[in-house]
Amino acid sequence: MAEPLLRVENARVVYDVPGGAIRAVDGVSFTLEAGRTLALVGESGCGKTTMAKAILGLEPLADGEIRVAGKRVSGDLKGLAKRVGIVWQDPYASLDSRWRVGRSVAEPLLVNSYSRADTEARVREVMEQVGLDPSLGSRFPHQLSGGQRQRVAVARALALNPPLVLCDEPTAALDLSIRAQILNLLKDLQESLGLAYLYISHDLTTVRFIADRIAVMYLGKIVEMGDKEEVFSRPRHPYTRALLRSTPSLENLGRVPDILPGEIPDPRVRITGCNFRTRCQFAQAKCAEVEPGPTHEGGRVFFCHFPLEEGSGTEARTASEA
Ligand SMILES: Nc1ncnc2c1ncn2[C@@H]1O[C@H](COP(=O)(O)OP(=O)(O)O)[C@@H](O)[C@H]1O
Ligand SMILES: [Mg+2]
């Protein structure tokens, strides 16, 4: 089989913190094919941003391996930038507030030894690709609208023409009216440039729009992953269903969304067995004793000893819950 564009294999990132260690990414494996979109979803603190940083080589792996276009992510961040771009939630994290935005877009090119002339031409080209007049390159970030700033951040991510772009909550900081514009821009760019996206979000409405596949994370682990429509309509992991039900949608409009019982546990405390069991309404003794391994069903995988029945999706409720 051909090597996928992105391969994450048993990746582990551990932060040493006062009072212990946080396994922010705890044995995560997935692949992403060229031209496709995988959404990484889950509550705040589940490890999404850490996963993105690991793919960018910004957080070292304690275990496992990440490959982009067949090459192992290592210390060579300059070379890696030609293969992976990143759009952060806050454009100010991508753009230096003291620089004219054209310089921010140019920087990855200059670092990679593009000539002045080639850099200028490429900056103009990529500004146009994201729907901006190249003359805006002489502005500072604060002189642009929120939507324009995020377009500049996209232009910077695309400057070196990478086949893979990581998007970490790229529309979360934007007004609702601008959100759709940026999402449509990302979709159009994907189509015209053949980009693959790892699209990180806790907002399932945008994920539903943009993703092909979806991976659900909880406390550093993927609990379920599969085709977007299958996962949305027939979640097999109780956490996936709870997450779907807590999201306002046309289907559950006017219904009080389910609130997951309890808080997300202290990430420094290791939980034996299944780490979702402390909040799971279906947990039994086995869940505290044995960590669930993967169950494969077609193109889907989930990690649960007592998965939901097929057909118990967001629309259906079991008698005990009614
Ligand atoms: N630099 C860091 N040092 C220590 N802990 C961190 C650091 N970055 C993130 N964490 C912790 O790692 C976990 C995952 O965080 P993060 O990847 O930011 O989650 P998400 O992006 O899903 O909200 C959280 O418990 C968070 O507090
Ligand atoms: Mg984050």
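Each reported figure results from applying straightforward, stated rules to the coordinates on display, with no laboratory input. Quick caveat: nothing in here was measured; it's all calculated off a predicted structure. Cβ coordinates were reconstructed from backbone atoms using ideal geometry, including for glycine residues, and neighbour counts include every protein chain displayed.
One table, with the values for the structure above:
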item	result
Paramagnetic label zone (point 7 Å from Cα along Cα-to-C-beta, residue 128; backbone N under 16 Å) in the stretch 150-171	155, 159
Length gained when the stretch residue 116-residue 310 is fully extended (0.36 nm per residue, less Cα-Cα span)	64.0 nm
Farthest positive-ward along the chain dipole, Cα basis, beta-carbon charges - from 244, 285, 142	142
Inter-probe distance in nm under a simple model that places probes 7 Å from Cα toward Cβ, at residue 184 and residue 140	3.2 nm
Residue 58 paired with residue 208, simple spin-label distance in nm, labels 7 Å along Cα-to-beta-carbon	3.0 nm
Proximal lysines relative to residue 82, as straight alpha-carbon distance under 18 Å, when same-chain residues fewer than 8 apart are discounted	53, 71
Förster radius 30 Å - calculated FRET efficiency between residue 15 and residue 65, Cβ distance, rounded to 0.05	0.95
Cα-based convex hull volume of the chain per residue, rounded to whole Å³	147 Å³
Whole-Hz couplings from phi, Karplus 6.51/-1.76/1.60, listed for the stretch 10-18; x for Gly and Pro	6, 6, 9, 10, 10, 9, 7, 9, x
Over the chain: helical MRE at 222 nm, DSSP H runs n ≥ 4 each giving -39500 (n - 2.57), nearest 500	-8500 deg cm²/dmol
Most fluctuating residue given options 243, 219, 58, as computed from a GNM of the chain linking Cα atoms under 10 Å	58
